[in-house]
Amino acid sequence: MPARAVAVTMCECLRGVRILGAMLLLLVPVDLLAQGIPGPPMRIDTIDATPAFVVINAPTTVTFRTTILHPSVLPTGVNLLKVDQAGKTLAIAGVMRDDGTAGDAAAGDKVFTIRLSVNEPGVGRVYYRVSAAFKGVLQRVLSSTIAVVVDPFPLPPDPGEAGKQTVAGIDSDKDGVRDDVQRQIALDNASSEKIRRALGQYSGALGQLLAGTDAQLSLDKLVAAARCMTYVTGASQAIKHSSLVRAYQLNTPSRSVAYLSAKRFGSSLPEDPDDLKPYCTFDPDSLSN
(Lines give C-alpha, C1' and ligand atoms only; values in the text may rest on other atoms or scores of the structure.)
Protein backbone atom coordinates (compact mmCIF):
# COMPACT_ATOMS: atom_id res chain seq x y z
CA MET A 1 0.00 0.00 0.00
CA PRO A 2 1.42 3.43 -0.90
CA ALA A 3 2.68 5.55 2.00
CA ARG A 4 0.05 8.23 1.31
CA ALA A 5 -2.75 5.67 1.49
CA VAL A 6 -1.37 4.33 4.78
CA ALA A 7 -1.26 7.85 6.27
CA VAL A 8 -4.87 8.53 5.18
CA THR A 9 -6.05 5.26 6.71
CA MET A 10 -4.31 6.05 10.04
CA CYS A 11 -5.88 9.50 10.12
CA GLU A 12 -9.33 7.97 9.53
CA CYS A 13 -8.73 5.50 12.39
CA LEU A 14 -7.67 8.27 14.78
CA ARG A 15 -10.67 10.34 13.79
CA GLY A 16 -12.94 7.36 14.52
CA VAL A 17 -11.37 6.89 17.96
CA ARG A 18 -11.94 10.55 18.79
CA ILE A 19 -15.59 10.39 17.66
CA LEU A 20 -16.18 7.20 19.64
CA GLY A 21 -14.59 8.79 22.72
CA ALA A 22 -16.80 11.83 22.41
CA MET A 23 -19.89 9.63 22.06
CA LEU A 24 -18.97 7.65 25.17
CA LEU A 25 -18.37 10.87 27.06
CA LEU A 26 -21.92 11.96 26.30
CA LEU A 27 -23.20 8.81 28.00
CA VAL A 28 -21.52 9.67 31.35
CA PRO A 29 -23.89 11.41 33.81
CA VAL A 30 -23.22 15.11 34.26
CA ASP A 31 -22.80 14.85 38.01
CA LEU A 32 -20.03 12.25 37.60
CA LEU A 33 -18.24 14.51 35.13
CA ALA A 34 -18.41 17.36 37.65
CA GLN A 35 -17.02 15.17 40.38
CA GLY A 36 -14.34 13.60 38.30
CA ILE A 37 -14.01 9.87 37.88
CA PRO A 38 -13.19 8.35 40.27
CA GLY A 39 -14.17 10.61 43.16
CA PRO A 40 -16.31 10.81 46.29
CA PRO A 41 -20.07 10.85 45.71
CA MET A 42 -21.95 14.08 46.10
CA ARG A 43 -24.11 13.39 49.12
CA ILE A 44 -25.34 14.72 52.45
CA ASP A 45 -23.58 12.61 55.04
CA THR A 46 -25.64 13.20 58.21
CA ILE A 47 -28.61 15.22 59.47
CA ASP A 48 -29.98 15.56 63.00
CA ALA A 49 -32.23 17.75 65.16
CA THR A 50 -31.82 18.73 68.82
CA PRO A 51 -34.19 18.48 70.60
CA ALA A 52 -36.18 16.01 68.53
CA PHE A 53 -39.31 16.53 70.67
CA VAL A 54 -41.34 19.72 71.16
CA VAL A 55 -44.64 20.50 72.89
CA ILE A 56 -47.76 21.51 70.99
CA ASN A 57 -48.27 25.30 70.71
CA ALA A 58 -45.02 25.99 72.56
CA PRO A 59 -42.38 27.77 70.44
CA THR A 60 -39.17 25.78 70.83
CA THR A 61 -35.74 26.42 69.35
CA VAL A 62 -34.57 23.32 67.50
CA THR A 63 -31.00 23.12 66.21
CA PHE A 64 -30.61 21.28 62.90
CA ARG A 65 -27.15 20.13 61.81
CA THR A 66 -25.95 18.44 58.67
CA THR A 67 -22.51 17.18 57.68
CA ILE A 68 -21.44 17.45 54.03
CA LEU A 69 -17.86 16.34 53.43
CA HIS A 70 -17.68 16.68 49.64
CA PRO A 71 -15.27 19.53 48.73
CA SER A 72 -17.46 20.96 45.97
CA VAL A 73 -20.47 21.78 48.14
CA LEU A 74 -21.40 25.45 47.83
CA PRO A 75 -20.97 27.08 51.28
CA THR A 76 -24.07 29.25 50.83
CA GLY A 77 -26.12 26.63 49.02
CA VAL A 78 -27.32 24.42 51.87
CA ASN A 79 -30.99 24.80 52.81
CA LEU A 80 -33.25 23.19 55.38
CA LEU A 81 -36.60 22.19 53.88
CA LYS A 82 -39.87 21.50 55.64
CA VAL A 83 -41.43 18.53 53.87
CA ASP A 84 -44.40 16.20 54.13
CA GLN A 85 -44.13 12.56 55.17
CA ALA A 86 -43.36 11.53 51.59
CA GLY A 87 -40.48 14.04 51.39
CA LYS A 88 -42.25 16.58 49.17
CA THR A 89 -41.12 20.16 49.86
CA LEU A 90 -43.64 22.36 51.66
CA ALA A 91 -41.36 25.33 52.37
CA ILE A 92 -37.73 26.42 52.65
CA ALA A 93 -37.20 26.70 56.40
CA GLY A 94 -33.91 28.58 56.07
CA VAL A 95 -30.27 28.61 54.98
CA MET A 96 -27.83 26.47 56.95
CA ARG A 97 -24.44 28.01 57.80
CA ASP A 98 -20.88 26.81 58.20
CA ASP A 99 -19.34 30.17 59.11
CA GLY A 100 -19.23 29.98 62.89
CA THR A 101 -22.20 32.33 63.38
CA ALA A 102 -25.91 32.05 64.25
CA GLY A 103 -25.41 28.88 66.27
CA ASP A 104 -22.85 27.21 63.99
CA ALA A 105 -20.05 25.81 66.18
CA ALA A 106 -17.03 26.33 63.90
CA ALA A 107 -16.44 27.86 60.49
CA GLY A 108 -15.39 25.53 57.71
CA ASP A 109 -15.76 22.26 59.61
CA LYS A 110 -18.25 20.87 57.05
CA VAL A 111 -21.04 20.91 59.65
CA PHE A 112 -23.85 23.25 58.56
CA THR A 113 -26.25 24.54 61.21
CA ILE A 114 -29.54 26.39 61.56
CA ARG A 115 -31.56 27.26 64.67
CA LEU A 116 -35.27 27.19 63.94
CA SER A 117 -38.24 28.12 66.12
CA VAL A 118 -40.69 25.23 65.84
CA ASN A 119 -44.27 25.96 66.91
CA GLU A 120 -46.84 23.41 65.79
CA PRO A 121 -50.62 23.43 66.44
CA GLY A 122 -51.12 19.67 66.33
CA VAL A 123 -49.69 16.55 67.92
CA GLY A 124 -47.72 14.31 65.56
CA ARG A 125 -44.55 14.57 63.52
CA VAL A 126 -43.05 17.41 61.48
CA TYR A 127 -40.62 16.39 58.75
CA TYR A 128 -37.47 18.08 57.44
CA ARG A 129 -34.68 17.36 54.98
CA VAL A 130 -31.59 19.14 53.68
CA SER A 131 -31.06 20.37 50.12
CA ALA A 132 -27.49 21.11 49.00
CA ALA A 133 -25.98 22.65 45.86
CA PHE A 134 -22.64 21.51 44.44
CA LYS A 135 -20.29 23.23 41.99
CA GLY A 136 -20.84 22.24 38.38
CA VAL A 137 -24.11 20.41 39.01
CA LEU A 138 -27.52 21.94 38.29
CA GLN A 139 -29.60 19.48 40.30
CA ARG A 140 -29.49 19.83 44.08
CA VAL A 141 -28.81 16.84 46.33
CA LEU A 142 -31.40 15.90 48.96
CA SER A 143 -30.90 14.18 52.31
CA SER A 144 -33.16 11.61 53.89
CA THR A 145 -36.01 13.00 55.99
CA ILE A 146 -35.95 13.39 59.77
CA ALA A 147 -38.88 14.00 62.10
CA VAL A 148 -39.43 16.34 65.02
CA VAL A 149 -42.12 14.86 67.27
CA VAL A 150 -44.80 17.20 68.60
CA ASP A 151 -45.99 16.04 72.05
CA PRO A 152 -49.23 17.04 73.79
CA PHE A 153 -47.33 18.07 76.96
CA PRO A 154 -43.74 17.81 78.27
CA LEU A 155 -42.48 14.22 78.10
CA PRO A 156 -39.08 12.56 78.44
CA PRO A 157 -37.28 11.78 75.18
CA ASP A 158 -37.71 8.41 73.53
CA PRO A 159 -34.67 6.33 74.56
CA GLY A 160 -34.82 4.22 71.39
CA GLU A 161 -32.67 1.09 71.29
CA ALA A 162 -30.67 2.29 74.30
CA GLY A 163 -33.77 1.75 76.40
CA LYS A 164 -33.84 -1.96 75.54
CA GLN A 165 -30.42 -2.88 76.84
CA THR A 166 -31.59 -3.78 80.37
CA VAL A 167 -34.80 -5.13 81.91
CA ALA A 168 -35.28 -1.90 83.86
CA GLY A 169 -34.74 0.35 80.82
CA ILE A 170 -34.42 4.14 81.14
CA ASP A 171 -36.49 6.36 83.45
CA SER A 172 -34.81 9.73 82.98
CA ASP A 173 -37.39 11.76 84.92
CA LYS A 174 -37.42 9.28 87.84
CA ASP A 175 -41.20 9.03 88.03
CA GLY A 176 -41.17 5.23 88.29
CA VAL A 177 -42.31 4.64 84.70
CA ARG A 178 -39.96 3.71 81.87
CA ASP A 179 -39.57 6.62 79.44
CA ASP A 180 -40.67 4.73 76.32
CA VAL A 181 -43.79 3.38 78.07
CA GLN A 182 -44.58 6.78 79.59
CA ARG A 183 -44.46 8.36 76.14
CA GLN A 184 -46.71 5.71 74.63
CA ILE A 185 -49.27 5.96 77.42
CA ALA A 186 -49.34 9.75 77.11
CA LEU A 187 -49.70 9.78 73.33
CA ASP A 188 -52.44 7.13 73.41
CA ASN A 189 -54.42 9.00 76.10
CA ALA A 190 -53.57 12.66 75.61
CA SER A 191 -57.11 13.82 76.41
CA SER A 192 -57.48 12.04 79.77
CA GLU A 193 -55.18 12.73 82.72
CA LYS A 194 -57.22 10.31 84.82
CA ILE A 195 -56.46 7.39 82.49
CA ARG A 196 -52.80 8.42 82.16
CA ARG A 197 -52.41 8.39 85.93
CA ALA A 198 -54.08 4.99 86.27
CA LEU A 199 -51.94 3.49 83.49
CA GLY A 200 -48.84 5.09 84.97
CA GLN A 201 -49.59 3.39 88.30
CA TYR A 202 -50.02 0.05 86.50
CA SER A 203 -46.86 0.50 84.45
CA GLY A 204 -44.81 1.49 87.51
CA ALA A 205 -45.97 -1.62 89.40
CA LEU A 206 -45.22 -3.81 86.40
CA GLY A 207 -41.74 -2.30 86.18
CA GLN A 208 -41.10 -3.13 89.84
CA LEU A 209 -42.31 -6.67 89.22
CA LEU A 210 -39.87 -7.06 86.33
CA ALA A 211 -37.02 -5.73 88.47
CA GLY A 212 -37.60 -8.67 90.85
CA THR A 213 -36.54 -6.91 94.05
CA ASP A 214 -39.68 -7.99 95.96
CA ALA A 215 -41.89 -10.03 93.69
CA GLN A 216 -44.70 -10.55 96.22
CA LEU A 217 -45.01 -6.86 97.07
CA SER A 218 -44.71 -5.86 93.40
CA LEU A 219 -47.43 -8.32 92.39
CA ASP A 220 -49.72 -6.89 95.06
CA LYS A 221 -49.04 -3.41 93.68
CA LEU A 222 -49.81 -4.63 90.17
CA VAL A 223 -53.15 -6.12 91.26
CA ALA A 224 -53.97 -2.89 93.13
CA ALA A 225 -53.14 -0.87 90.00
CA ALA A 226 -55.41 -3.10 87.90
CA ARG A 227 -58.24 -2.48 90.35
CA CYS A 228 -57.63 1.26 90.20
CA MET A 229 -57.75 1.09 86.42
CA THR A 230 -61.06 -0.78 86.61
CA TYR A 231 -62.45 2.00 88.82
CA VAL A 232 -61.30 4.66 86.35
CA THR A 233 -62.22 3.05 83.02
CA GLY A 234 -64.59 0.16 83.73
CA ALA A 235 -63.75 -3.53 83.55
CA SER A 236 -63.68 -4.06 79.77
CA GLN A 237 -61.55 -0.98 79.09
CA ALA A 238 -59.25 -1.88 81.98
CA ILE A 239 -58.53 -5.25 80.35
CA LYS A 240 -57.79 -3.52 77.05
CA HIS A 241 -55.53 -0.88 78.63
CA SER A 242 -53.60 -3.35 80.77
CA SER A 243 -52.98 -5.59 77.75
CA LEU A 244 -51.57 -2.62 75.81
CA VAL A 245 -49.31 -1.54 78.66
CA ARG A 246 -47.96 -5.08 79.03
CA ALA A 247 -47.26 -5.17 75.29
CA TYR A 248 -45.33 -1.90 75.54
CA GLN A 249 -43.51 -3.02 78.67
CA LEU A 250 -42.59 -6.59 77.64
CA ASN A 251 -40.87 -5.61 74.41
CA THR A 252 -37.71 -7.70 74.80
CA PRO A 253 -37.20 -11.43 75.49
CA SER A 254 -35.51 -10.73 78.84
CA ARG A 255 -38.47 -8.64 80.02
CA SER A 256 -40.94 -11.37 79.02
CA VAL A 257 -38.89 -13.97 80.90
CA ALA A 258 -38.77 -11.76 83.99
CA TYR A 259 -42.56 -11.29 83.88
CA LEU A 260 -43.29 -15.01 83.54
CA SER A 261 -40.89 -15.76 86.37
CA ALA A 262 -42.50 -13.23 88.72
CA LYS A 263 -46.06 -14.40 87.99
CA ARG A 264 -45.51 -17.65 89.90
CA PHE A 265 -46.31 -15.68 93.05
CA GLY A 266 -49.93 -15.11 94.03
CA SER A 267 -51.36 -11.82 95.25
CA SER A 268 -52.03 -11.49 98.97
CA LEU A 269 -54.71 -8.84 98.47
CA PRO A 270 -58.35 -9.69 99.32
CA GLU A 271 -60.39 -10.94 96.38
CA ASP A 272 -63.28 -9.05 94.80
CA PRO A 273 -63.36 -5.91 96.98
CA ASP A 274 -66.52 -3.80 96.88
CA ASP A 275 -64.65 -0.49 96.69
CA LEU A 276 -61.89 -0.14 94.08
CA LYS A 277 -61.03 3.53 94.51
CA PRO A 278 -58.77 3.03 97.58
CA TYR A 279 -56.41 1.01 95.39
CA CYS A 280 -55.49 4.14 93.43
CA THR A 281 -52.34 5.97 94.51
CA PHE A 282 -54.01 9.25 93.46
CA ASP A 283 -57.51 10.66 93.77
CA PRO A 284 -59.17 10.00 90.39
CA ASP A 285 -62.33 11.86 91.41
CA SER A 286 -60.35 15.10 91.77
CA LEU A 287 -59.43 15.06 88.07
CA SER A 288 -61.86 16.52 85.58
CA ASN A 289 -60.96 14.25 82.70
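What the table below lists for this structure:
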| quantity | calculated |
| --- | --- |
| Residues within region 228-280 that are at pLDDT 95 or above and among the aromatic types (Phe, Trp, Tyr), tallied | 3 |
| Matching residues in region 158-204 - criterion: being of a type in the set (Val, Ile, Thr), closer than 24 Å to residue 279 by Cβ and touching a residue at least 40 places away in the same chain (Cβ under 8 Å) | 181, 185, 195 |
| Those residues of region 257-281 which are touching a Leu at 6+ places or on another chain (Cβ under 6 Å) and over 21 Å from residue 188 (Cβ atoms), in sequence order | 258, 262, 265, 267 |
| Answer from 162, 168, 190 - the residue that is under 24 Å from residue 236 (Cβ atoms) and of a type in the set (Gly, Ala, Ser) | 190 |
| Residue that is surrounded by the most Cβ atoms within 10 Å (Cβ to Cβ), among those in region 103-129 that are farther than 23 Å from residue 45 by Cβ and among the polar types (S, T, N, Q) | 119 |
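The values are calculated or read from the model by the stated rules, or taken from the named source; none is laboratory data. This structure is a prediction, so every number in the text was calculated from the model and none was measured. Here the Cβ is made from the backbone with ideal geometry for all residues, glycine too, and neighbour counts use every protein chain on show.
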